């Protein structure tokens, strides 16, 4: 595509990297103007459809009989419990990733500075301590899942 556009324009008047610039410009516009909004619209439609089917199923269960209402309520509780478990597990994984990144940054910066008097390797404490905070919250402070 860039080759076709470059053939239509007089090449003597353009800088050498104009083709790359045009390619990156078209790519950025297509990414931010077309692709990201399209993906978010498709995702919101999927979530809306899931919520509609879930609400319809719950309504049918609740209208069925006394046992149906109990089953619907139990199903809702179970879904909420699973959601909380997944959230806590995600926080634990995020904490471990941050802790690992912090340790890795500390090792990397320590090795490139050669252990001199300067201490930029302590910058690795920032993600490391964020990871520790996430793990402490997930393990000790978050409400337990029944």
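Where a number appears in this text, it was derived from the coordinates with a stated rule and is not lab data. These numbers come from a predicted model, not from an experiment. In this analysis, Cβ positions are derived from the backbone assuming ideal geometry, glycine residues included, and neighbour counts consider all displayed protein chains.
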Tilt of helix 66-113 relative to the longest C-alpha principal axis of the chain, in degrees (0 to 90, nearest 10)? 30
Rounded to the nearest 10 degrees, what's the angle between the helix 36-64 long axis and the longest principal axis of the chain, both from Cα atoms, 0 to 90? 0
Please list log₁₀ I(q)/I(0) at q = 0.21, 0.26, 0.28, 0.33 Å⁻¹ for segment 17-64, using the Debye equation with identical point scatterers on the alpha-carbon positions. -0.75, -0.87, -0.91, -1.02
Report D for segment 81-146 in µm² per second (integer): Stokes-Einstein, Kirkwood Rh on Cα pairs, 25 °C, 0.890 mPa s. 190
Angle check, please: helix 125-136 long axis (alpha carbons) against the longest principal axis of the chain (alpha carbons), in degrees 0 to 90, nearest 10. 10
At 222 nm, what value in deg cm²/dmol follows for the chain if DSSP H runs of at least 4 each add -39500 (n - 2.57) and the sum is divided by all its residues, to the nearest 500? -25500 deg cm²/dmol
Once the chain is represented by equal point scatterers at the alpha-carbon sites, with solvent omitted, what log10 I(q)/I(0) does the Debye formula produce at q = 0.12 Å⁻¹? -0.90
For residue 47 and residue 112 in the same chain, what is the full-extension length gain: residue separation times 0.36 nm, less their Cα-Cα distance, in nm? 18.7 nm
With labels modelled as points extended 7 Å from the Cα through the Cβ direction, what inter-label distance (nm, one decimal) is found for residue 65 paired with residue 141? 4.9
